[in-house]
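Beneath this line is the structure, given in structure tokens, with notes to follow.
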Amino acid sequence: MPIIGTAGHVDHGKSTLVHALTGRDPDRWAEEKARGLTIDLGFAWARLGGREVGFVDVPGHERFIKNMLAGIGGLNVALLVVAADEGWMPQSEEHLAVLDLLGIEHGVVALTRIDLADEELIELSRADVTEHTEGTVAAAWPVIEVAAPAGVGLESLAEALVGALDAAGPPPDVDRPRMWIDRAFTIAGAGAVVTGTLVAGPVSVDDRLQCYPGGEVRVRGIQSHETSHDTLGPGTRAALNVAGVDRASLDRGTLLAAPGSIGMTERFLAVVNVPTRSETAVDDRGAYHVHVGTATVPARIRIIGDGPPSTVIVTTTAPLPIAMGDRFILRDTGRRRVVAGGTVLDPAPDRKPSADNVELLAAAVSGPREARADALVDVHGEMDDDEVGRSSGGGTPTRAISVGGLYFSHERFERRSRDLANAVGEHHERYPLRAGLPKSEAASRLGTTPDIIAALASADPGLVEDGPVVRGTDFTVDLGPDEGRAWETARGRLSERLAVPRASELGLPEEVVHALIRRGDLVRVGADLVFLPDQLVRVTEALHALPDGFTVAQFRDTFELTRRQAVPLLEWLDAEGWTRRRGDGRSIEREAESVRRESGPSADDAPSR
């Protein structure tokens, strides 16, 4: 359901023309009817060329340009109205500048009130239109002469509008619904109702939408052109009955969108163009208002690249929900005029974006969402996958590296990998007896998360994720001369008998003990108890000499141990599956391979018949 929006100078017949085309009066307020001019946005609809079309009628008076800008977004086709008896006027120029700066390429010029002008004046007004639209989006738009009250030219105008709608094509649907609120009111028995132009995706009853700014709402009901719907597609005038937030949170300038689909920012990078016939460049000394969607926010700008177009950093006094590619208007508050229109390049730019990065973003902004996402990742180096979607308008990078919920540019990923490899190497050199660099420490040093460290390690053939640490694939624990001699002495003491001394009495630093355990030279059985691996093998081989249901005392006496040694050793055997505790006794769960060979095949080994 496409949208046609009017534009033009005050009292040039926009509302009258919409009324004639639709049979509906777009002027809603008594003050508008009393004063004979449109103050706020008006809405109507009709069937053109076999399809239902919505009309947004905007005020033409200079004092209400803010309301005009609130209604001009989301249009498929513009209807620029110029009165034949007055010709081109100041608001004709300003409204055309807005259409041009927002890139609304398809439209029709209606030369109205031809019944109040003679042929010569009509031709002069036509020449006016041709002269002032040259070099703008409206340069090739058809000019249709009409006299709305008499019905003259309405059929030709409708045909021209249908042609423009065909040229514009269907509204894009990227499954990320957005609706800037232009009206909000309360209906007794129903609650809060908001209206706007739905773009970029569908909305259904019971959907949850986020207010930007504000909380979440649930869609209780949907209407479009006084007809109820369960689902409404993009490019449609919509009235949503919503619940979940206060009515005060739903004023004009609030965006409704899918939760988490867009970010809020008070500072963004953009390119701006001045109107085609403007002789005044944008400077960063003025006071401006940014108009985006139906929102208006005071702002200042900082020029970082000369144009045209100029590259600027826009800083607003309140956060705005915007994404790469969004269009906006800059209006000078002192001169009270539209001075530029811009396109968002990056909703969260670096403090000083480089010229190369600006060029990269500018080249991608008019492309598909995937290209925008790739450009943003290339510029930022790494971005959370949700952040990429929010900033690019729903794009998924195609050339970035996806690791641990982050997208990396190839350059940043290689740098991160080098940094991690260097950190691991330095750790091995400094602590040769430790297993590796703890992932938490690596994350702190590299300014990232342990999950990303693990992902970086898994992608590097020279690194291994080993439990809580990362180590080099070729790293081995090598004892120094002093540690080696101490280890030989300790090993001799351990091998003398199973009743081994406490680990703390072996004369080995705790770090050496840990290293020997990791290397497999020692097995920790208790908090202060270690054995040589072959000692434990001998224990498992001798278990068969014990009776079924043997006690701790029987185990202790058989192996000539103290209780301090026997109890931890039995618990270790339980944990390893050699024995199972049953009350105060234990049974043997499996036999050592050497014992199985000596006793011959068991019933379990017998071949099946």
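A few remarks follow.
- Centroid-to-centroid separation of the range 299-329 and the range 387-435 [C-alpha atoms, Å]: 31
- Portion, in percent, of the accessible area of the range 245-329 that falls on carbon or sulfur, probe 1.4 Å: 47
- When the solvent-accessible area of the range 72-137 is split by element, carbon and sulfur atoms take up 49 percent of it, the probe being 1.4 Å.
- Taking the Cα centre of the range 182-291 as origin and assigning +1 to Lys and Arg Cβ atoms and -1 to Asp and Glu Cβ atoms, the resulting dipole is close to 100 debye.
- Karplus-derived HN-Hα couplings along the range 463-478 (A = 6.51, B = -1.76, C = 1.60, θ = phi - 60°), whole Hz, x at Gly and Pro: 10, 9, 7, 10, x, x, 10, 10, 9, x, 5, 9, 6, 10, 7, 10
- Solvent exposure of Ser440, expressed as accessible area, is near 80 Å², computed with a probe of 1.4 Å over the protein chains only.
- Only the Cβ atoms of Lys and Arg (+1) and of Asp and Glu (-1) were treated as charged; on that basis the dipole of the chain about its Cα centre amounts to roughly 1820 debye.
- Positive minus negative residues near Leu157 (Lys, Arg vs Asp, Glu; Cβ under 13 Å): -2
- Take the Cβ atoms of Glu429 and Ala545, set R0 to 51 Å, and the FRET efficiency comes out at 0.55.
- Span from the the range 461-535 Cα centroid across to the the range 180-254 one, whole angstrom: 68
- Using a Förster distance of 30 Å, the FRET efficiency for Arg218-Asp173 (Cβ separation, nearest 0.05): 0.85
- If R0 is taken as 45 Å, the Cβ-Cβ distance between Thr398 and Arg581 corresponds to a FRET efficiency of 0.15.
- With protein chains left intact and a 1.4 Å probe, residues in the chain average 46 Å² of accessible area per residue.
- Cα-based shape type of the range 116-159, given that a ≥ b ≥ c are square roots of the gyration tensor eigenvalues and the cut on a/c is 1.5: oblate
- Summed residue charge, Cβ within 10 Å of Val199's Cβ, Lys/Arg positive, Asp/Glu negative: +1
- Cα centre as origin, Lys/Arg/Asp/Glu Cβ charges: the range 442-535 dipole, Debye: 220
- Rounded percent of accessible protein surface that carbon and sulfur make up, the range 146-218, 1.4 Å probe: 55
- Overall form of the range 523-581 per C-alpha gyration tensor (a/c, 1.5; a/b vs b/c): rounded
- In summary, the helical segments of the chain meeting the span-like criteria, namely a full DSSP H run, a Cα extent along the axis of 20 angstrom or more and a mean Kyte-Doolittle hydropathy of at least 0.0, are 154-168.
- Calculated on the alpha-carbon coordinates, the convex hull of the range 482-534 measures out at 72 cubic angstrom per residue.
- Comparing Gly395, Leu376, Ala442 along the charge dipole axis of the range 345-446, the residue lying farthest to the positive side is Ala442, per the Cβ-charge model.
- When the range 293-385 is described by a simple charge dipole with +1 on each Lys and Arg Cβ and -1 on each Asp and Glu Cβ, the residue from Thr317, Leu345, Ser366 located farthest towards its positive end is Thr317.
- Taking the C-alpha atoms of the range 355-421, convex hull volume expressed per residue in Å³: 72
- Between amide H atoms placed 1.01 Å from N, distances below 5 Å from Val525 occur with Val530, Phe531, all of them 5 or more places distant or on a separate chain.
- For the range 202-273, the extents of the C-alpha atoms along the principal axes are 40, 29, 20 Å, listed from largest to smallest.
- A full extension of the chain between Arg335 and Thr476 corresponds to an added length of 43.4 nm, given 0.36 nm per residue minus the alpha carbon distance.
- Per-residue ellipticity at 222 nm from helix content only, as computed over the chain with -39500 (n - 2.57) for each DSSP H run of at least four residues, stands at -9500 deg cm²/dmol.
- Gain on full stretching of the segment that runs from Ser366 to His410 - 0.36 nm per residue minus C-alpha separation: 13.5 nm
- Three-way shape label, the range 357-396, alpha-carbon gyration tensor, a/c 1.5: oblate
- Here the chain is described by how far its Cα atoms reach on the three principal axes: 124, 55, 48 Å, from widest to narrowest.
- Potential lengthening between Asn422 and Ala190 on full extension [0.36 nm per residue; Cα-Cα distance subtracted]: 77.1 nm
- Thr476 exposes around 80 Å² of accessible area when a 1.4 Å probe is run over every protein chain in place.
The values are calculated or read from the model by the stated rules, or taken from the named source; none is laboratory data. Model, not experiment: these values are computed from the prediction. For neighbour counting, all protein chains shown are included, and Cβ atoms are generated from backbone atoms with ideal geometry for every residue, glycine included. Note: areas computed on protein heavy atoms with side chains; ligands, DNA, RNA excluded. Shrake-Rupley method; radii C 1.70, N 1.55, O 1.52, S 1.80 Å.
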